[in-house]
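The values are calculated or read from the model by the stated rules, or taken from the named source; none is laboratory data. The structure presented is a predicted model; accordingly, all values stated were derived computationally and were not measured. Cβ coordinates were reconstructed from backbone atoms using ideal geometry, including for glycine residues, and neighbour counts include every protein chain displayed. For accessibility, only protein heavy atoms count, side chains too; no ligands or nucleic acids. Shrake-Rupley method; radii C 1.70, N 1.55, O 1.52, S 1.80 Å.
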Amino acid sequence: MWNPVSHILRPGRVSALLAMSPNTWVIEMPTQKARLHPYPRRVSPYRTPSVNRNAFSHEAPPPAPSPPPKTLVHPVFEDIRTILSVLKASGLMPIYEQVSSYEVGPPTKTNEFYSFFVRGVVHALTVFNIYSLFTPSSAQLFYSYRETDNVNQWIELLLCILTYTLTVFVCARNTKNVLRIMNEILQLDEEVRRQFGANLSQNFGFSVKYLVGITACQTYIIVLKIYAVQGVITPTSYVLLAFYAVQNGLTATYIVFASALLRIVYIRFHFINKLLNGYTYVQQQRRKGGNRRQAAGPSLMEHFPEDSLFIYRMHNKLLRIYKGINDCCNLILVSFLGYSFYTVTTNCYNLFVQITAKGMVSSNILQWCFAWLCMHVSLLALLSRSCGLTTREANATSQILARVYAKSKEYQNIIDKFLTKSIKQEVQFTAYGFFAIDNSTLFKIFSAVTTYLVILIQFKQLEDSKVEDTVQEQPQT
């Protein structure tokens, strides 16, 4: 197996394309002719590059007409362009202007007015739907196996409206912050390209898959609801159902977008950790043991001061981006997690009622519950995994540095400064500071759901026993 540490690029030698686990990276390195590039660039021995013979070439091809600014899309946001288009059309994201491949600009006056208009329509429909919930016309939408469960559906619908309304308010308030985060990611990628000649990208196909799944689930749920309604559905009920589906879909889409941003940050944390891994004691020992017959080359640690300063600066920028994403999403996450927790609990309870019912089981309610559970559980799993991976990589940097083999006091002082700062920094992605979101969040939610289900089932059994006692006492009187 090829050891990335033992591979040193020398003049006239270009490295081959290798895959880096666990993510698929596309890392492009310049050829020997790139030495005349005005930006200083050094090829490190632990890079996993791929050949790009035309990039940064001194003998440039004939100049082509420059495309308009809007076509200059950076690959990192090109991969999630579908979900960005949905959020722009719904007013949750500003319709920014693409200045260059590494910079986005604020929206124009026309685009800003469009976003403001869409948000105004959303708030007007929200007021209308809340008013409709308190009128008798919406009573036909609340249909379930037990009449007492209608209150649960009413609360669930109200939580959905509250979550989406809060999402719209927070997105409108954080317009500048979102653009700042995007620009910081692009600027960081440009610095990586200048320093190492590397272009980081990853296929974010999961965002499109989740978008299709959300649309399919919401469409299926609305169809089930329409078939379950008895009598002729009023226009008010149609508006309430349609907007209910849009609210759920867009809130879920924003959660997928936040998860995609965290994956972007995770890839860059993983990249700098791979760079530091080349200086660890284990990697150096492997290189020495496997290359005893080779001529003595330059010391592996000679570029450590230069690389470490760049890595520390990159790590601090990633932490700032990481915190910025958390600040933009914390209120939305609190509301969404509360809404998801309530939805998962009520649907699990409805499933239990249907399965243990003595009469005929309603297939409509079973399909309704399974559709809701599939959508919310998948979103919770995606969010938990994205937060957990990013947090783990952010905290792994200090652990890797602790294993670096330092050959002089100078290198030890450099490492000590970073480790001292890392001890004081607690990297966590939280829901407005109430609790941390990581890989254990999904387990904690299902533990709480199980606890509440036991309580609800006990109340149901108590209610059923009282009904049976009442039925038995009636013939005696």
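Results, tabulated for the structure shown:
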| item | result |
| --- | --- |
| The range 80-114, subset open to solvent by 20 Å² or more (accessible area, probe 1.4 Å), touching a helix residue (DSSP H, G or I) at 6+ places or on another chain (Cβ under 8 Å) and assigned to a loop (DSSP other than H, G, I, E, B), residue modelled with the lowest pLDDT | S101 |
| Scope the range 118-134; condition of a type in the set (V, I, T) and either part of a strand (DSSP E or B) or free of Cβ contacts under 8 Å to residues at least 12 places away in the same chain (or both); matching residues | V121, V127 |
| Close pairs from the range 429-447: first touching a residue at least 12 places away in the same chain (Cβ under 8 Å), partner assigned to a helix (DSSP H, G or I) and surrounded by fewer than 17 Cβ atoms within 10 Å (Cβ to Cβ), Cβ under 6 Å, at least 6 apart | L442/A381 |
| Restricting the range 73-117 to residues that are of a type in the set (D, E) and touching a residue at least 24 places away in the same chain (Cβ under 8 Å), the residue that is farthest from V265 (Cα to Cα) | E97 |
| Sole residue being more than 30 Å from I400 (Cβ to Cβ), of a type in the set (G, A, S) and more than 20 Å from the chain's Cα centre (by Cα), chosen from G249, G231 | G231 |
| Positions within the range 185-224 being over 30 Å from Y244 (Cβ atoms) and assigned to a helix (DSSP H, G or I), in sequence order | I185, L186, Q187, L188, D189, E190, E191, V192, R193, R194, Q195, F196 |
| Selection count where residues are surrounded by fewer than 16 Cβ atoms within 10 Å (Cβ to Cβ) and either over 22 Å from Y238 (Cβ atoms) or modelled with pLDDT under 75 (or both), scope the range 115-135 | 2 |
| Qualifying residue in the range 238-254 (condition: in contact (Cβ under 8 Å) with a residue 24 or more places away in the chain, open to solvent by 20 Å² or more (accessible area, probe 1.4 Å) and not in a helix (DSSP H, G or I)) | no |
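Yes or no, residue by residue, for (1) closer than 30 Å to V168 by Cβ; (2) among the β-branched types (V, I, T); (3) touching a strand residue (DSSP E or B) at 6+ places or on another chain (Cβ under 8 Å); (4) at pLDDT 60 or above:
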| residue | (1), (2), (3), (4) |
| --- | --- |
| N277 | no, no, no, yes |
| A295 | no, no, no, no |
| L300 | no, no, no, yes |
| S308 | no, no, no, yes |
| I311 | no, yes, no, yes |
| M314 | no, no, no, yes |
| K317 | yes, no, no, yes |
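Residues checked against (1) assigned to a helix (DSSP H, G or I); (2) modelled with pLDDT under 90; (3) closer than 25 Å to I325 by Cβ:
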{"residue": "C387", "(1), (2), (3)": "yes, no, yes"}
{"residue": "I415", "(1), (2), (3)": "yes, yes, no"}
{"residue": "S422", "(1), (2), (3)": "yes, yes, yes"}
{"residue": "V449", "(1), (2), (3)": "yes, no, no"}
{"residue": "D469", "(1), (2), (3)": "yes, yes, no"}
